[in-house]
Amino acid sequence: MSEIIVVTSGKGGVGKTTTSASFASGLALRGHRTVVIDFDVGLRNLDLIMGCERRVVYDFVNVIQGEAKLKQALIRDKHTPDLYVLPASQTRDKEALTKEGVGAVLDELREDFDYIVCDSPAGIERGALMAMYYADHAIVVTNPEVSSVRDSDRILGIIDAKSKRAEEGEAPMAKHLLITRYVSERVAAGEMLSIDDILELLAVPLIGVIPESESVLQASNAGVPVIHDQATVPGQAYADVVARFLGEDKPLRFLEPEKKGLLKRLFGT
Amino acid sequence: MGLNPVEYPKCGAVEFKGSVFTLPVLHLHSVDLRVVVEGLARHLAKGLRFFEGAPVVLDLGAVRGQALDLVALNEHLRAQDLVPVGVRSADPEQQAQAREAGLAVLQGGARIEREEAPRREPDSLPLAKVVEQPVRSGQQVYARGGDLVLLAPVNPGAEVIADGSIHVYAPLRGRALAGVRGDTAARIFALSMEAELVSVAGHFRIFEEAPPGSVHRRPAQIYLDGERLVVRALDPWKDPAHSI
């Protein structure tokens, strides 16, 4: 039985697409057949982060409206054999995402894939509601700052009220909290919310913490999800997230400020 | 000098939107204008500058069926710097006069509200509404006719409302409104008081920064003492018989 995972946050710019790309890649790297769908109609980014923007011919909306077959719109990832990307439309109106249309596409994908990752747009409008409506799991991406946490709280409330599982009285969606752009030095200095502060407010189990790092931006610009670079801290942190999602016990790491060695202290960084 | 071109706003020239206002209501206990004007002057002389220029609604519930010169009263009120905007609980004769004086005829009145207030009969007490999930930003929970019990946090931006009391066995970080249908005996209890706003029977208080230091993040209760909203720490019970 395949599972649908929505990556959502409410607030924009917190790292949803980065997370969707690395999380989906991580599942595929472990041999699970995975597809990642961009629900951000009109502002598509996932294809850029995945480095397949030049291969987009048909998109999600084309499939919903019957203008293309699903197989024509799915783009095979060039880094990972078991991963496919279903890009968003750059030109259509987001009203094109209908509940029936999205449901039909997801049903068809379920036949072929183990995991369906839905990259939600920011906000709480149609695109975001459709991305989470059919999901079995939600990964809520939050930055350690007040407005991001508030928006995540709002999204968690909407998931509990407006998802298909909520409407039909099924078991509630499994929720996972992912803290991104975490800077341990700024938390220590009191400039950022601590993990405990965030957990106390959101009351959702933590699936991982991704430290702020230049390598995320470099990976985005290169079109290679950061999880492929296991020499980087975020790459390893995302690999841990995937492992925890699959039920493995991985302690949190990268939470303490890096200890500067003698040489670094003498010569700076 | 040429005419300016007419500019049409994109969203249409006008738009109707609903909004709720709290207006002072002036209850008339006499139709004798001299008595009314004198009484009003005495009130305003107390320094109630609050009412200067304020829109007021006239409640005629106590003088229904009596002849009242609303047009003249309207002028008197305006002379006192009040702006009458409507009447309520008026009889048909008074309603016609109100329209003549340019006043709106409003529905409802104190008497009707009283009829709608919940009656607490011993055998029909509503059960408390119990909520086990966090109430999150943007969500609202209302316990109609009774108490509201929350076993998980009420987060910032969330609103919990009850006709009776509100009990939060977790942090209260959002807004809590108890006794919203006028029960002045309603109270708010929280194990960790971090509320943004609290209200009992319409008497509200905003904690712009945080609740007062003595109760912030501590167990506390909120209740009405007359017109005053009291915020007090909820200290563990000490049995006086055993304390030395």
Kirkwood hydrodynamic radius over Cα pairs of segment B:127-243, then Stokes diffusion coefficient at 37 °C and 0.692 mPa s, in µm²/s: 237 µm²/s
Antiparallel DSSP beta bridges within segment B:127-243, percent to nearest 5: 35 percent
In Å, descending, principal axis extents of the Cα set of segment B:7-108: 53, 35, 22
Efficiency of FRET between residue A:170 and residue A:110 - r from beta-carbon atoms, R0 22 angstrom, step 0.05: 0.85
Computed over segment A:23-108, Cα set: Rg, Dmax in Å: 12.3, 36
Ranked by how many other beta carbons lie within 10 Å on average, peptides A:95-102, B:141-148 from highest: B:141-148, A:95-102
Long-range HN-HN contacts of residue A:117 with modeled amide H, under 5 Å: A:5, A:35, A:36, A:37
Interface size A-B, as summed buried accessible area [1.4 Å probe, Å², nearest 100]: 900 Å²
Peptide A:200-209, shielding by other chains (average Cβ, 10 Å cutoff): 2
nm² value of the averaged projected area, convex hull over the Cα atoms of segment A:1-57: 4.8 nm²
Solvent exposure of the protein assembly as shown as accessible area per residue, Å², 1.4 Å probe: 54 Å²
As computed over the protein assembly as shown, the Cα convex hull volume per residue (Å³): 330 Å³
Residue-averaged [θ]222 nm for chain A, counting only DSSP H segments that reach four residues, each worth -39500 (n - 2.57): -11000 deg cm²/dmol
Ranked packing of A:81-88, B:8-15, A:104-111, A:172-179, most packed first, by mean Cβ within 10 Å: A:81-88, A:172-179, A:104-111, B:8-15
Calculated FRET efficiency for the pair residue A:55/residue A:248, C-beta based, R₀ 35 Å, to 0.05: 0.60
Accessible surface of the protein assembly as shown [probe 1.4 Å, protein heavy atoms]: carbon and sulfur percent: 52 percent
Chain A: antiparallel DSSP beta bridges as a percent of all, rounded to 5: 5 percent
Cα convex hull of segment A:129-203 - mean projected area over all directions, nm²: 4.9 nm²
DSSP bridge orientation in the protein assembly as shown - percent antiparallel, rounded to nearest 5: 20 percent
Cβ-Cβ FRET estimate between residue A:194 and residue B:25, R0 fixed at 41 Å, reported to 0.05: 0.25
Exercise: per-residue mean of other protein chain Cβ atoms within 10 Å, B:129-139: 5
Peptide A:149-158, shielding by other chains (average Cβ, 10 Å cutoff): 6
Angstrom value of the Kirkwood radius, inverse mean 1/r, which spans all Cα pairs in chain B: 21.7 Å
Spin-label pair residue B:237/residue B:8, simplified geometry with 7 Å Cα→Cβ offset, distance in nm: 7.1 nm
Cα convex hull volume per residue for segment A:83-208 (Å³): 134 Å³
Whole-angstrom gap from segment A:97-115 to segment A:142-208, using each part's C-alpha centre: 26 Å
Virtual spin-label span in nm between residue B:15 and residue A:99, 7 Å along Cα→Cβ: 2.7 nm
Links that overshoot a 31 Å alpha carbon limit, given the list A:69/B:10; A:16/A:162; A:94/A:175: A:69/B:10
For chain A, convex hull of alpha carbons as volume per residue, Å³: 129 Å³
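The values are calculated or read from the model by the stated rules, or taken from the named source; none is laboratory data. Since we're looking at a predicted model, the values are computed, not measured. Please note: Cβ atoms are built from the backbone with ideal geometry, for glycine as well, and neighbour counts cover all protein chains shown. When the accessible area is computed, the model is the full protein with side chains, heavy atoms only, and any ligands, DNA or RNA have been set aside. Shrake-Rupley method; radii C 1.70, N 1.55, O 1.52, S 1.80 Å.
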